[in-house]
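Chemist: Let me give you the structure first, and then I'll get to my questions.
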Amino acid sequence: MNELPLPSYLILALILFCIGLYGALTKRNAVIVLICIELMLNAVNLNFVAFAKYGMTPGIDGQVFALFIITVAAAEAAVGLAILFALYRNKSTVDVDEMNRLKR
């Protein structure tokens, strides 16, 4: 079975990161912004795993970092969604332009 070369993984990670960055900077829906941030974190994970496999010293370090990032991303998503639910109860919208003040 042929393996993909390292540049293939890097190009895919670059595309994922650019899509996530574009979405995070241009979208107004807070849920979509959270999803785009998760997409950027997954692009970073892909780079870590690719460099762990094809790097100068192949090892398990990249997988460990990726697992750590997945854990942090899950916590970030839980906290972010909890904040969004609380804001939605008060303002009845998920538009990030409407959430510029924390006071009523």
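Bear in mind these aren't lab numbers, they're just calculated from the coordinates by the rules spelled out. Computed from a predicted structure; not experimentally measured. So basically every Cβ, Gly included, is an ideal-geometry build from the backbone, and we count neighbours across all protein chains shown.
Chemist: For segment 61-86, how many residues are more than 17 Å from residue 35 (Cβ to Cβ), hydrophobic (A, V, I, L, M, F, W, C) and surrounded by 11 or more Cβ atoms within 10 Å (Cβ to Cβ)?
Modeler: Step one: filter segment 61-86 for residues more than 17 Å from residue 35 (Cβ to Cβ), giving 61-68, 71, 86.
This time we only want the ones that are hydrophobic (A, V, I, L, M, F, W, C), so: 64-68, 86.
Narrowing further to those that are surrounded by 11 or more Cβ atoms within 10 Å (Cβ to Cβ): 64-68.
Of the residues in segment 61-86, 5 are more than 17 Å from residue 35 (Cβ to Cβ), hydrophobic (A, V, I, L, M, F, W, C) and surrounded by 11 or more Cβ atoms within 10 Å (Cβ to Cβ).
Chemist: Let me ask something else. How many residues does segment 91-103 contain that are free of Cβ contacts under 8 Å to residues at least 60 places away in the same chain and either surrounded by 12 or more Cβ atoms within 10 Å (Cβ to Cβ) or touching a Lys or Arg at 6+ places or on another chain (Cβ under 7 Å) (or both)? Please lay out each step first, then the result.
Modeler: If we filter segment 91-103 for residues that are free of Cβ contacts under 8 Å to residues at least 60 places away in the same chain, which is where we start, we get 91-93, 98, 100-103.
Filter once more, keeping what is either surrounded by 12 or more Cβ atoms within 10 Å (Cβ to Cβ) or touching a Lys or Arg at 6+ places or on another chain (Cβ under 7 Å) (or both): 91, 93, 98.
Qualifying residue count, segment 91-103: 3.
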